[in-house]
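So the structure is just underneath, and the comments pick up after that.
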Amino acid sequence: MNYLAAYSSMASFDPAQKLAAFAVLTLLFAALGRAVRGVTTAGAIAGAAVCFALLWAAGIGAFAALLSVFLLTWIATRIGYSHKQHLGTAEARTGRDALQVLANLGTASGCAVLYATLRPDPRLLIAMAAAVAEAAADTVSSEIGQAVGGAPRLITTWRKVAPGTDGAITLAGTLAGAAAAIAVASVCVLTHIFEWKLLAVCAGAGVAGMIFDSLLGATLERRHLLGNNAVNFASTIIAALIAFLFC
């Protein structure tokens, strides 16, 4: 069944049926994340909350975008995992915890809920998509950069630093992150969250947020003024703001 058919079918459901369908999808999503060790148990609960909020507020398209982020980041995390273990930068095998999940996806769910409850402005859906695109871009760039990017450079001084250094970037990682942002934005277009003409705005905002993440990492995080979760959360907010203002 294509997206339009699925969307039309779900649109005919009464509110109770919709909530039940959303609950089933949410449980399946959380179970998948836990089964493949993409998240911890607490992370799965946080992911379920985000998933249900996105489904309820923005529909199947938002769920498709969320699923694409999960798949992209899960694959990127496992590319070159043994090499990243050797470097000491590998993600824990138990997966991401609740705070990591909320730091990366809280902005997107907030935009969606705001759209559904207080302000039905379509720009909020693009902001939501940009926040999700940034989350994908940031994680993919970091994971691919550590796996195959070689010696990274600090974004503020361009000097070579050790892999895993806050604010360090690689060409391979940056290109992979940009590709992830484009992929997520394309999913949003294909599921009719917004039109093709806004793909560049969404993906561009996601890439801008990724770069902002590196800048914060090289400055405030290296000085221990912000933690990694705070940096990730701030970067998704920046991506959402850019998309909202420029769409």
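Of everything in the range 141-153, what is charged (D, E, K, R) and either at positive phi or part of a strand (DSSP E or B) (or both)? Give them in sequence order.
Pass one, the range 141-153, residues charged (D, E, K, R): 143, 153.
Within the range 141-153, just Arg153 meets the criteria.
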Can you pull out the residues in the range 159-180 that are surrounded by fewer than 24 Cβ atoms within 10 Å (Cβ to Cβ), aliphatic (A, V, I, L, M) and not in a helix (DSSP H, G or I)? Val161, Ala162
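Looking only at the range 141-153, decide whether some residue is open to solvent by 60 Å² or more (accessible area, probe 1.4 Å) and among the charged types (D, E, K, R). Working first, answer last.
Taking the range 141-153 first, the residues open to solvent by 60 Å² or more (accessible area, probe 1.4 Å) are 148, 151, 153.
Next cut, among the charged types (D, E, K, R) only: 153.
Checking the range 141-153: at least one residue is open to solvent by 60 Å² or more (accessible area, probe 1.4 Å) and among the charged types (D, E, K, R).
With the requirement that a residue be more than 12 Å from Leu102 (Cβ to Cβ) and either within 17 Å of the chain's Cα centre (by Cα) or buried (at least 18 other Cβ atoms within 10 Å of the Cβ) (or both), what does the range 38-47 give you? Walk me through it before giving the result.
Start the filter on the range 38-47 by keeping residues that are more than 12 Å from Leu102 (Cβ to Cβ), which leaves 38, 40-41, 44.
The answer is Gly38, Thr40, Ala44.
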Given (1) farther than 30 Å from Ala57 by Cα; (2) open to solvent by 40 Å² or more (accessible area, probe 1.4 Å); (3) assigned to a helix (DSSP H, G or I), Thr156 misses just (3)
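Step by step: first the residues of the range 58-102, then only those that are modelled with pLDDT under 90 and on the phi > 0 side of the Ramachandran plot, then the one that is most open to solvent (accessible area, probe 1.4 Å). Which residue is that?
So in the range 58-102, the residues modelled with pLDDT under 90 come out as 81-95.
Narrowing the set further to residues that are on the phi > 0 side of the Ramachandran plot leaves 88, 95.
Values: Gly88: 67, Gly95: 9 Å².
Out of the qualifying residues, it is Gly88.
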Output the number of residues of the range 114-140 satisfying the condition of being assigned to a helix (DSSP H, G or I), of a type outside the set (Gly, Ala, Ser) and open to solvent by less than 50 Å² (accessible area, probe 1.4 Å). 9
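The values are calculated or read from the model by the stated rules, or taken from the named source; none is laboratory data. In this text, all values refer to a predicted model and were calculated from it rather than measured experimentally. Every residue, glycine among them, receives a Cβ derived from its backbone with ideal geometry; neighbour counts consider all protein chains shown. Note: accessible area is taken over every heavy atom of the protein model, side chains too, but ligands, DNA and RNA are not part of it. Shrake-Rupley method; radii C 1.70, N 1.55, O 1.52, S 1.80 Å.
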